[in-house]
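Here you go, one structure.
The values are calculated or read from the model by the stated rules, or taken from the named source; none is laboratory data. The shown structure was predicted, so the numbers you read here are calculated from the model rather than taken from an experiment. Every residue, glycine among them, receives a Cβ derived from its backbone with ideal geometry; neighbour counts consider all protein chains shown.
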Amino acid sequence: MSDNIESHLSENRIFKPSKEFSKNARIKSMAQYKRMHKESIEKPGVFWGREAKELTWQKKWTKALDWKAPYAKWFVGGKLNVCENCVDRHLTNGRANKAAIIWEGEPGESRTLTYRQLHREVCQFANVLLAQGIKPKDRVLIYMPMVPEAVIAMLACARIGAVHSVVFGGFSAESIVDRLSDCKAKAVITADGGYRRGGVVPLKANVDEALKKYKAVDTVIVHQRIGDKIPMKRGRDVYWHDEAARVPAKHVAKAFDSEHPLFILYTSGSTGKPKGILHTSGGYLTGTYSTCKYIFDMQDDDVYWCTADVGWVTGHSYITYGPLANGVTQVMYEGAPNHPDFGRFWDIVEKYGVTIFYTAPTAIRAFIKAGDQFPDSRDLSSLRLLGTVGEPINPEAWMWYHEKIGGGRCPIVDTWWQTETGAIMISPLPGCTPTKPGTATLPFFGVDAAILDETGEECAPNEGGKLVIRKPWPSMLRSIYGDKKRYRDTYWNDYKGMYTAGDGARTDRQGNFWIVGRLDDVLNVSGHRLGTAEVESALVEHKTVAESAVVGRPHEIKGQGVVAFVTVKGNVKTSEALAKELRNHVGKVIGAIAKPDEIYFTPSLPKTRSGKIMRRLLKELVATGEVSGNITTLEDYSVIADLQKNLKK
């Protein structure tokens, strides 16, 4: 039996960039991409040194890379201030009065901050932190709604050299305790609450609950978003606006070493102790700056919108640091994509003239299920580039996105990367890369990616294996905070000197990378290793299916059986006949071995607020009939109760 992951799906539709797009793009041809990629792999110091020089350094580095696997140092000896690069430098390059952030709250209010206004707010809040005794390398936990103050708090920490750890606003008090105790945070920045689907998320109340267990926090700074009266503990809790009124709005950015810690971000979904991924300053900023510039082809007149939350790495790299380092105008939205209905995102695109739109495949599939009437009734002609992030996108969702949202004219950058990689690793470049629905295509500059089998040999085309990165890259994680052994064991143990991503993948004959899914989501059916993403993709290809999630169930004969959870489109009626039709469809697309043993129809799937399907909960559900794990990150708790009833029928 082979240990390699088998791949049975094929995709032959190819979309080349239009001549008009290529003409104005930063990377205009595949020849230019190949030339630059070759240099970035063979002479990384030269390539990344040139990219880094576009940023502002208070002291130039003496050596581009110091690599002693698995530890990297980039731009050794160089000093910079990350916040200065995102804000201050735009005050003297003609962007001072350009909109930096256009924010819309879920209730409908809006606010615009120019780069000059953003600079003032960040400087003032940096002085608030200093007045509260926060010093360089102190850890500050940020637990905020999607408001400009979340970005301001992150930038203010970076400005004074404090290390921020942002916790997603959907996490529970228990999750806050875990992160506080691991990073030993000195202060917490939060809000009285935030709006979500018309309701209020009680952020400050969750912090209060967490601080009953973790008592080492000296200061809690509270932004008033909702305006409700909340308990404030004397001597610990202070209001943001009160403290800001007491300090000046001027602050000179001090330089920090290129390897100075910038943030710790805890990976979600783990059943054990959360992993605090540590990122540093110079390399991370260079990586996010460059990926934004080339992959999103950022131009000075773009209006860019990444729909992620700042609590995830996408919000760090592609809301806070990368776009602002590029001096772009970006949209930031507080609430849910379906409040008051599924037209909200498209209203925002139309209202602000969004040109670059970056969202998750899960959201796209939810839009498909909601119906074409929502995008069809909005003017989306301002869009020129689309992106996807978070998980592999199935070809049918890709085609809908291309045709319905992009009007058939917008290139799609399907991006693969991780919290650990810091920046995008595999993606099309929109001005030159021929795209195929479902593939992230080719490695970005400086990324030496490969698919290896269990023996360390490189897999042949269409042969699945483990995705690895063979050389260091600037935005890579530096460690797991406080646990170097776990860092080595988790990411560097499979193959000597190589980073193991934990994802299964394959390449096609053109060298495109197809991400099969997490290796722990691979099914072993009668000796065949099947990626769940391929089975899900086959199901969604059927005209009746909006979304699916596939997991394995222990099977005494086959090892694992295939269990599918399926959400159908619109008014489609579910039946045993439809379930049989779907099984046969999977058999036709992939092969009989992949046919689901069971199909459960469900109105919705368990998802986090960021849109990720919680397959871990589905696995537990099919194995035991119940869910006992942590469900506090779910968007809608009732989904689990409905699924449990469904399984018991």
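Just checking, which of Gly438, Gly408 is at positive phi and surrounded by fewer than 22 Cβ atoms within 10 Å (Cβ to Cβ)?
Gly408
This table checks each residue for (1) in a helix (DSSP H, G or I); (2) surrounded by fewer than 19 Cβ atoms within 10 Å (Cβ to Cβ); (3) in contact with a strand residue (DSSP E or B) (Cβ under 7 Å, 6 or more places away or on another chain); (4) modelled with pLDDT of 95 or more.
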{"residue": "His8", "(1), (2), (3), (4)": "no, yes, no, no"}
{"residue": "Arg13", "(1), (2), (3), (4)": "no, yes, no, no"}
{"residue": "Lys28", "(1), (2), (3), (4)": "no, yes, no, yes"}
{"residue": "Lys34", "(1), (2), (3), (4)": "yes, yes, no, yes"}
{"residue": "Lys38", "(1), (2), (3), (4)": "yes, yes, no, yes"}
{"residue": "Trp67", "(1), (2), (3), (4)": "no, yes, no, yes"}
{"residue": "Lys73", "(1), (2), (3), (4)": "no, no, yes, yes"}
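Would you pick out the residues in the stretch 551-592 that are among the β-branched types (Val, Ile, Thr) and either within 16 Å of Ala538 (Cβ to Cβ) or touching a strand residue (DSSP E or B) at 6+ places or on another chain (Cβ under 7 Å) (or both)?
Val551, Val562, Val563, Val566, Thr567, Val568, Thr574, Val586, Val589, Ile590 - these are the residues of the stretch 551-592 that are among the β-branched types (Val, Ile, Thr) and either within 16 Å of Ala538 (Cβ to Cβ) or touching a strand residue (DSSP E or B) at 6+ places or on another chain (Cβ under 7 Å) (or both).
Next up: Given the structure, is Gly465 within 13 Å of Arg506 (Cβ to Cβ) and either in contact with a Gly (Cβ under 9 Å, 6 or more places away or on another chain) or of a type in the set (S, T, N, Q) (or both)? Step through it out loud before you land on a result.
Working: within 13 Å of Arg506 (Cβ to Cβ): yes; either in contact with a Gly (Cβ under 9 Å, 6 or more places away or on another chain) or of a type in the set (S, T, N, Q) (or both): yes.
Yes; evaluated as a whole, the condition is true for this residue.
Okay, moving on. Test of understanding: among Pro248, Pro231, which residue is free of Cβ contacts under 8 Å to residues at least 60 places away in the same chain and either in contact with a Gly (Cβ under 7 Å, 6 or more places away or on another chain) or not basic (Lys, Arg) (or both)?
Exactly one residue qualifies, and that residue is Pro231.
Of all residues in the stretch 188-211, which are under 11 Å from Tyr143 (Cα atoms) and small (Gly, Ala, Ser)?
Ala191, Gly193, Gly194
Next question. Within the bounds of the stretch 89-110, is there any residue that is part of a loop (DSSP other than H, G, I, E, B) and closer than 29 Å to Arg478 by Cβ?
No - not one qualifying residue is present in the stretch 89-110.
Given Ala564, Ala549, which one is crowded, with 19+ Cβ neighbours inside 10 Å and under 13 Å from Leu582 (Cβ atoms)?
Working: Ala549 fails: under 13 Å from Leu582 (Cβ atoms).
None of the other options fit; the residue is Ala564.
Could you say which residue among Ala162, Ala173, Ala126 is under 25 Å from Pro248 (Cα atoms), hydrophobic (A, V, I, L, M, F, W, C) and within 26 Å of the chain's Cα centre (by Cα)?
On inspection, the qualifying residue turns out to be Ala162.
A further question follows. Among the residues of the stretch 468-487, are any closer than 24 Å to Ser29 by Cβ and out of contact with any Asp or Glu (no Cβ under 6 Å at 6 or more places or on another chain)?
At the first step, the residues of the stretch 468-487 found to be closer than 24 Å to Ser29 by Cβ are 473.
Now narrow it down to the ones that are out of contact with any Asp or Glu (no Cβ under 6 Å at 6 or more places or on another chain): 473.
Yes: one or more hits.
Another question, then. Let me confirm something: among Leu155, Leu130, which residue is outside any strand (DSSP E or B), surrounded by fewer than 24 Cβ atoms within 10 Å (Cβ to Cβ) and of a type outside the set (D, E, K, R)?
Leu130
Right, another one. Would you be able to tell me the number of residues in the stretch 278-296 that are outside any helix (DSSP H, G or I) and surrounded by 24 or more Cβ atoms within 10 Å (Cβ to Cβ)? Explain how you work it out, then say what you get.
Filtering the stretch 278-296 down to residues outside any helix (DSSP H, G or I) leaves 278-281, 296.
Checking the rest, the ones that are also surrounded by 24 or more Cβ atoms within 10 Å (Cβ to Cβ) come to 279-281, 296.
Total satisfying the criteria: 4.
So which strands (runs of 3 or more DSSP E) stay within the stretch 479-582 end to end and still have 1 or more residues that are under 19 Å from Pro443 (Cβ atoms)?
The qualifying strands (runs of 3 or more DSSP E) are 499-507, 513-518.
While we're on this one: All but one of (1) in contact (Cβ under 8 Å) with a residue 40 or more places away in the chain; (2) crowded, with 22+ Cβ neighbours inside 10 Å; (3) outside any loop (DSSP other than H, G, I, E, B) hold for Lys619; state the number of the condition that does not hold.
Looking at each condition in turn, Lys619 falls short on (2).
Having 2 or more residues that are modelled with pLDDT of 95 or more and under 18 Å from Met232 (Cβ atoms) is the bar; report the strands (runs of 3 or more DSSP E) wholly within the stretch 160-208 that clear it. Quick ask: steps written out before the conclusion?
Working: elements: 163-166, 187-191, 194-196, 199-201.
In the stretch 160-208, the matching strands (runs of 3 or more DSSP E) lie at 187-191.
If you don't mind, another one. Condition check: under 13 Å from the mean Cα position of the chain (by Cα) and more than 23 Å from Leu380 (Cα to Cα). Does Thr288 satisfy that?
On the way: under 13 Å from the mean Cα position of the chain (by Cα): yes; more than 23 Å from Leu380 (Cα to Cα): yes.
Answer is yes for this residue.
Among the residues of the stretch 426-455, which ones are part of a loop (DSSP other than H, G, I, E, B), farther than 19 Å from Pro361 by Cβ and at pLDDT 95 or above?
Matches in the stretch 426-455: Leu429, Gly431, Cys432, Pro434, Leu442, Phe444, Phe445, Gly446, Val447, Asp448.
When you go through (1) out of contact with any strand residue (DSSP E or B) (no Cβ under 8 Å at 6 or more places or on another chain); (2) assigned to a loop (DSSP other than H, G, I, E, B) one by one for Pro136, which number turns out not to apply?
(1)
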